[in-house]
1. So for segment 66-88 (the condition being in contact (Cβ under 8 Å) with a residue 40 or more places away in the chain, crowded, with 20+ Cβ neighbours inside 10 Å and of a type in the set (Phe, Trp, Tyr)), does at least one residue qualify?
2. So residue 19 fits all but one of (1) more than 15 Å from residue 122 (Cα to Cα); (2) part of a helix (DSSP H, G or I); (3) modelled with pLDDT of 95 or more; what number is the exception?
3. From 179, 185, 197, which residue is part of a helix (DSSP H, G or I), hydrophobic (A, V, I, L, M, F, W, C) and in contact (Cβ under 8 Å) with a residue 24 or more places away in the chain?
4. For segment 1-10, indicate whether the set of residues that are over 15 Å from the mean Cα position of the chain (by Cα), of a type in the set (Lys, Arg) and not assigned by the TED database to the domain that holds residue 158 is non-empty.
5. Considering every residue within segment 174-187, establish whether at least one is out of contact with any His (no Cβ under 9 Å at 6 or more places or on another chain) and more than 13 Å from the ligand (Cβ to nearest atom).
6. Go through (1) at pLDDT 95 or above; (2) more than 18 Å from residue 23 (Cβ to Cβ); (3) surrounded by fewer than 18 Cβ atoms within 10 Å (Cβ to Cβ); (4) more than 12 Å from the ligand (Cβ to nearest atom) for residue 150 and report which single condition fails.
7. Considering each residue of segment 157-167, count those that are exposed (fewer than 14 other Cβ atoms within 10 Å of the Cβ) and assigned to a helix (DSSP H, G or I), and give that number.
8. Out of curiosity, is residue 113 touching a residue at least 12 places away in the same chain (Cβ under 8 Å) and either out of contact with any strand residue (DSSP E or B) (no Cβ under 9 Å at 6 or more places or on another chain) or farther than 23 Å from residue 214 by Cβ (or both)?
Amino acid sequence: MRRISIAIDGPAGAGKSTIARIIADKLNIEYIDTGAMYRAVTLKFLRKGIDLDNDYDKISNILSYTDINFEKGKIYLDDEDVSEEIRLPEIGKYVSRVAAMPEVREKLVKLQREIALKKSVIMDGRDIGTNVLMNADVKIFLIASAEERARRRYTELHEKGIEVSFDEIYKEIENRDYIDSTRKINPLRKAEDAITIDSSNKTINEVVEDILLIIRNKC
Ligand code: C5P
């Protein structure tokens, strides 16, 4: 099979990662969770006690010795498996501010493009179709109501034993949507050639089937 690239963008909690992972398995291609990369950098900044508003010099310096890798569905930050830790609500609170920093985006976008040059990928995020992989074979814009997205995130965290209130999650999602779609560099928006799918009233399987059909028609 020739090398293909599939971009899935959309707001937090629309189901991008669950769906992208299933499609990657079915097509036997690599799944790249770019949100996890921004979360990993956020984790590093928080651990180092960085002041996100003032420590510009430190930020660039830390990025210069930050290594991010994916292996067997896990994400490694400087060789440490941080797959679980990056999902903590504390990271969700700060990640959009970190993701709005030009130095951070420059570094991670470069890394994302390098990965996609080497193999077939399905990549999810906010700016994949509009910026990272502008020539992707298939571009999907996955949306769902804020209420539904907060409900899903709430269930997911509770199943993992992480105690948070629904209101807290709802506010965090709204806040992230706002920062992600109004930031100056590569904000969250639908690429002109992306196909919108609303997952609010669909099962995961239905969305997967919809996307597989689009891929089959285009690739
Ligand atoms: O996908 P997830 O919700 O884990 O992403 C966390 C955050 O990372 C997003 O809210 C957004 O601020 C940032 N992000 C981004 N560009 C991407 C992927 C994620 O700015 N391509």
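The values are calculated or read from the model by the stated rules, or taken from the named source; none is laboratory data. Keep in mind it's a predicted model, so treat the numbers as computed, not measured. For neighbour counting, all protein chains shown are included, and Cβ atoms are generated from backbone atoms with ideal geometry for every residue, glycine included.
1. Scanning segment 66-88, I find no residue that is in contact (Cβ under 8 Å) with a residue 40 or more places away in the chain, crowded, with 20+ Cβ neighbours inside 10 Å and of a type in the set (Phe, Trp, Tyr), so the answer is no.
2. (1)
3. One residue alone meets the criteria, 179.
4. Looking for residues that are over 15 Å from the mean Cα position of the chain (by Cα), of a type in the set (Lys, Arg) and not assigned by the TED database to the domain that holds residue 158, one finds none in segment 1-10, hence no.
5. Checking segment 174-187: not a single residue is out of contact with any His (no Cβ under 9 Å at 6 or more places or on another chain) and more than 13 Å from the ligand (Cβ to nearest atom).
6. With respect to (1) at pLDDT 95 or above; (2) more than 18 Å from residue 23 (Cβ to Cβ); (3) surrounded by fewer than 18 Cβ atoms within 10 Å (Cβ to Cβ); (4) more than 12 Å from the ligand (Cβ to nearest atom), residue 150 is out only on (3).
7. Summing the residues that are exposed (fewer than 14 other Cβ atoms within 10 Å of the Cβ) and assigned to a helix (DSSP H, G or I) in segment 157-167 gives 3.
8. Considered against the rule, which asks whether it is touching a residue at least 12 places away in the same chain (Cβ under 8 Å) and either out of contact with any strand residue (DSSP E or B) (no Cβ under 9 Å at 6 or more places or on another chain) or farther than 23 Å from residue 214 by Cβ (or both), residue 113 comes out as yes.
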